[in-house]
Amino acid sequence: MAAASARGDAGMRVLEAATVEAATSALDAHPDLRVMVADIDLVGEPLTGLTLAKAAAARWPDVSMLMVSGIIEPEQEAMPQGARFLRKPFEAETLVGAVRALAAARASGRLEPDGSGVTEQIASADSR
C-alpha cells in the first residue's frame with residue numbers, strides 16, 4: 001500500500017492490516033500505537049471503515065483516528081469522537097502531515113473529543 005510506504009519513508013512505524021480482523025489484532029498486539037488510518041471504503045469486508053474505527057475507538061480510546069475516502073465525506077457525527085477526515089486522492093506529504101498533526105495533538109492534549117484542535121493542521125498539510 002502506497003500510503004503505508006509514505007509513512008514508513010517518513011520514519012513512522014507502520015503496521016498494515018487488510019482486514020478488520022487483522023486491524024484489531026494489530027491494535028491488540030501493539031498497545032503503543034497512537035494513530036489509526038482507516039479507509040471508509042473497505043473492499044471485500046462486511047464492515048465499513050467507519051464501523052471499524054468506531055469499534056477501535058471504543059476499545060482503544062487513546063488511538064487517534066484518521067478516516068480517508070475518495071467516495072464519501074462523512075459528517076463529523078458519523079465518525080468516532082475525535083476522528084478527522086482526509087479526502088482521497090492526496091499527496092503522500094498530506095497524509096504524513098495529517099498523521100503527525102493527530103499524534104502531536106493527542107500527545108499535547110490539544111485533541112478535543114469533537115476532533116477540534118487538529119483540523120487546522122490537517123487543512124494546512126492538505127494545502128501544500
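Please report, ordered by residue number, the helices (runs of 4 or more DSSP H) entirely within segment 1-78 with at least 1 residues that are surrounded by fewer than 12 Cβ atoms within 10 Å (Cβ to Cβ), more than 12 Å from the chain's Cα centre (by Cα) and at pLDDT below 85.
2-9
So that you can scan it fast, the table gives a plain yes or no per residue for (1) touching a helix residue (DSSP H, G or I) at 6+ places or on another chain (Cβ under 7 Å); (2) of a type in the set (Val, Ile, Thr); (3) closer than 18 Å to Ala101 by Cβ:
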position	(1), (2), (3)
Met12	yes, no, yes
Ala22	no, no, no
Ser25	no, no, no
Asp32	no, no, no
Met36	yes, no, yes
Leu47	yes, no, no
Leu50	yes, no, no
Met65	yes, no, yes
Ile72	no, yes, no
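Somewhere in segment 92-113, is a residue among the aliphatic types (A, V, I, L, M) and at pLDDT below 70?
Looking for residues that are among the aliphatic types (A, V, I, L, M) and at pLDDT below 70, one finds at least one in segment 92-113, hence yes.
In segment 79-108, how many are over 18 Å from Ala58 (Cα atoms) and in a loop (DSSP other than H, G, I, E, B)?
Summing the residues that are over 18 Å from Ala58 (Cα atoms) and in a loop (DSSP other than H, G, I, E, B) in segment 79-108 gives 4.
The values are calculated or read from the model by the stated rules, or taken from the named source; none is laboratory data. Quick caveat, the model's predicted, so the values are computed rather than measured. All Cβ positions, glycine included, derive from the backbone under ideal geometry; neighbour counts span all protein chains shown.
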